[in-house]
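Only one structure is covered here, and it is reproduced in the block below.
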Amino acid sequence: MRVEDFRTVTWRDGRPVILDQSRLPHEESYLVLEDVEQVAEAIGTLRVRGAPAIGIAAAYGAALAAFLSGGDRQAVLDACDLLASTRPTAVNLFWALQRSRALALDEGIGAEKLAARLLQEAEAIAAEQDAADRRMGELGAELLPSSCRIITHCNAGGLATLSFGTALGVVKAAHSRGKVELVWVDETRPLLQGARLTAWELERAGIPYKVICDSMAASVLARGMADAAITGADRVAANGDTANKIGTYPLAVLAARHGVPFYVAAPLSTLDLTLENGSAIPIEERSPDEVRAWGGVAATPPGAPAWNPAFDVTPAELITAIITEVGVARPPYGESLPRLAGKVPQGSS
Ligand code: MRU
C-alpha cells in the first residue's frame with residue numbers, strides 16, 4: 001500500500017521542482033528552480049532537506065547546469081562544487097555529486113549527450129532511494145513488536161528522501177501491518193522538523209501520533225510509554241557512530257537508560273566507511289538566529305549569544321541495529337557494516 005502522495009523533487013519542463021518544506025505545514029507549495037544558484041539556496045535554507053533528498057536535489061542541479069550551459073563540462077563541475085558547499089554533514093550529498101562529477105569527466109559522453117545523461121542519473125538516484133526506502137520499511141517493520149509505540153526525532157520521512165522515508169518508512173510499513181499504536185514526535189528545535197514535517201506526514205498517512213517538546217522525551221521513556229526509538233542518519237562512520245539531527249544523541253542515551261531499543265534506518269548511501277569513527281564527521285553549524293527566534297518571534301533578548309550545531313553524533317554502543325536496504329546491521333558494526341556495504345540491493349542487476 002502506498003500511503004504517501006508527494007514527491008520532494010521532480011523534473012518538469014527542464015527544471016527541478018521542489019516541494020518547499022520551509023513553508024510546511026501551513027502551505028503545500030512547489031518551487032521551480034531556475035538555475036544552480038537557486039538549487040544551492042534551496043538546499044542551504046532547508047527548502048529541500050534530509051540527507052537523501054539533498055543528494056537527489058543536487059543531482060538534478062548538476063543536470064540543470066548541463067542543460068543551461070549546453071553540455072559544458074566545466075560548468076557542471078563548477079555547479080557540483082557550489083552544491084557541495086551547501087551542507088557539510090549529510091554524506092549523501094557528496095555521494096550523489098560524485099556520480100554527477102564522474103559523468104562530467106567521462107570523455108566518452110559527448111557534450112550533446114551530457115545533460116540527458118546527467119538527468120538520467122538523477123532519476124536513477126531518486127528511483128534507487130525510493131526502492132531502498134521501501135526495502136528498509138519491510139526489514140525495519142519486522143523488528144517492531146505489535147501495538148508498538150515508537151518515538152522519533154526530526155523528519156526521516158518521505159520529505160527527507162523522495163516520498164516514502166527511512167525511519168518513517170519503517171513506521172509506515174509497520175502501520176500498514178497493523179503494528180503501530182502511536183508515534184511520539186519530538187518537535188526538534190530549532191527548526192521544528194518533527195512538529196512541522198513529521199506531524200504533517202503522519203497526519204496525511206493516517207498514523208496516530210503525538211507531538212512533544214524535545215525535553216518531554218525523557219518522561220515518555222521513563223514512564224514506559226514507548227517501545228522503540230527510530231531515527232534516520234546523515235552519516236554513519238565505519239564503527240557505526242551516527243550523525244543525525246541535533247537531539248538524536250540525547251534520545252539514544254535516554255533509550256539506553258530505559259532499556260528501549262534504539263534503531264537507525266539509513267540507506268547504504270549514508271554510510272561513510274572512509275571515516276573510522278564519528279569524531280571525523282563534519283558537523284554543520286548554522287546561524288545562531290535559528291536558536292534566538294522561531295517564525296520571526298524572538299525567544300531571547302536581542303543578540304543573545306547562542307550556539308547552533310545542526311547535528312550530533314550518537315555513539316555506536318547506543319544503537320541497537322542499523323537498518324539498511326540490504327539487511328539489518330548489528331554490533332559490532334565495524335564488521336557488519338562493511339559486509340552489508342558489499343551487498344547489491346535486491347532488484348538491482
Ligand atoms: O537539517 P535536516 O532537516 O536536513 O536534518 C535531517 C535529519 O537529520 C534526518 O534525520 C536525516 O537527514 C535522515 S533523513 C532520511
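All of the numbers you see were taken from the coordinates with simple rules; none came from a lab. Quick caveat: nothing in here was measured; it's all calculated off a predicted structure. In this analysis, Cβ positions are derived from the backbone assuming ideal geometry, glycine residues included, and neighbour counts consider all displayed protein chains.
Expressed as a whole number of Å, what is the distance separating the alpha-carbon centroids of the stretch 317-345 and the stretch 150-189? What the calculation gives is 20 Å, centre to centre. Helix 91-104 and the long axis of the chain differ in direction by around 10°, with both axes built from C-alpha atoms. Label separation (Asp5 vs Lys210): 2.8 nm, computed from points 7 Å beyond Cα along the C-beta direction. Note on Ser85 and Asn277: the model spin-label points, each 7 Å out from Cα along the C-beta direction, lie 3.4 nm apart. Label zone of Glu285 (point 7 Å out along Cα→Cβ, amide N under 15 Å): in the stretch 300-324 this covers 305-312. Put in order of Cβ neighbour count within 10 Å, fewest first, the listed residues His26, His175 become His26, His175. Distance between the 7 Å Cα→Cβ label points at Ala102 and Arg257: 4.4 nm. The helix-only estimate of mean residue ellipticity at 222 nm for the chain, built from DSSP H runs of length n ≥ 4 each weighted as -39500 (n - 2.57), is -12000 deg cm²/dmol after division by the residue total.
Computed over the chain with a Gaussian network model linking Cα atoms closer than 10 Å, the most mobile of Gly157, Gly14, Gly296 is Gly296. The separation of the stretch 1-67 from the stretch 81-109, counted between C-alpha centres, amounts to 16 Å. To the nearest ten degrees, helix 248-257 and the longest principal axis of the Cα atoms of the chain are 30 degrees apart. Within the stretch 136-340, antiparallel bridges make up roughly 40 percent of the DSSP beta bridges whose residues both belong there.
For the listed peptides 277-287, 180-190, a ranking on the average number of other beta carbons within 10 Å per residue, highest first, reads 180-190, 277-287. If the chain linking Val297 and Met225 were pulled fully straight, counting 0.36 nm for each residue of separation and taking away their Cα-Cα distance, it would gain 22.7 nm.
To the nearest ten degrees, helix 167-176 and the longest principal axis of the Cα atoms of the chain are 70 degrees apart.
Each Cα pair under 8 Å and six or more residues apart adds its separation to the average, and for the chain the resulting relative contact order is 16 percent.
Highest average first, the peptides 53-66, 328-341 ordered by how many other beta carbon atoms sit within 10 Å of their residues are 53-66, 328-341. For the listed peptides 112-120, 247-255, a ranking on the average number of other beta carbons within 10 Å per residue, highest first, reads 247-255, 112-120.
Which shape class applies to the chain: rounded if a/c is under 1.5, otherwise prolate when a/b exceeds b/c and oblate if not, where a ≥ b ≥ c are the square roots of the Cα gyration tensor eigenvalues? Note, shape of the chain comes out prolate.
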